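Comments concern the structure below.
The values are calculated or read from the model by the stated rules, or taken from the named source; none is laboratory data. Being a predicted model, the structure only gives us computed values, none of them experimental. Neighbour counts are summed over all protein chains in view; Cβ atoms, including those assigned to glycine, are modelled from backbone coordinates with ideal geometry. To get the accessible areas, we keep the full protein, side chains included, count just its heavy atoms, and leave off ligands, DNA and RNA. Shrake-Rupley method; radii C 1.70, N 1.55, O 1.52, S 1.80 Å.
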Amino acid sequence: MTAALLDALRTLLGPAQVLTDGDLSAWERDWRKRWHGKALAVVRPGHTAEVAAVVQACARHGVSLVPQGGNTGLVGGGVPDDSGTQV
């Protein structure tokens with residue numbers, strides 16, 4: 001199921017916008033380095049239609065999303081948990 005979601009996201013956004021390998025720590029921790037987790041993937045949609053498509057794809061596959069803007073929040077809400085199952 002995970003591979004199918006990642007394939008769907010790559011089809012929607014292009015492979016360069018679906019990050020699964022390498023150092024993802026910039027998206028997996030808050031800027032104060034108090035909270036950290038592990039993401040299944042980091043996706044970088046380019047416009048609102050792509051955001052909607054990502055939300056729909058994740059919902060179809062039962063995968064939760066952790067939205068992140070500038071990663072400047074002070075409560076850790078933009079950090080995935082440590083399960084490695086969130087986008």
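Some notes on this structure:
- Top-ranked residue of the range 47-57 - restricted to ones that are among the small types (G, A, S) and in contact (Cβ under 8 Å) with a residue 24 or more places away in the chain, ranked as most open to solvent (accessible area, probe 1.4 Å): A53
- The numbered conditions (1) among the polar types (S, T, N, Q); (2) under 10 Å from the mean Cα position of the chain (by Cα); (3) open to solvent by 70 Å² or more (accessible area, probe 1.4 Å) are all true for Q86 except (3).
- Of the residues making up the range 1-45, those that are among the small types (G, A, S) and either free of Cβ contacts under 8 Å to residues at least 12 places away in the same chain or over 26 Å from V75 (Cα atoms) (or both) are A3, A4, A8, G14, A16, G22, S25.
- The residues listed here are R60, R34, R44; of these, the one that is open to solvent by 60 Å² or more (accessible area, probe 1.4 Å), over 14 Å from the mean Cα position of the chain (by Cα) and at pLDDT 95 or above is R60.
- The range 1-47, residues that are farther than 20 Å from N71 by Cβ and among the polar types (S, T, N, Q): T2, T11
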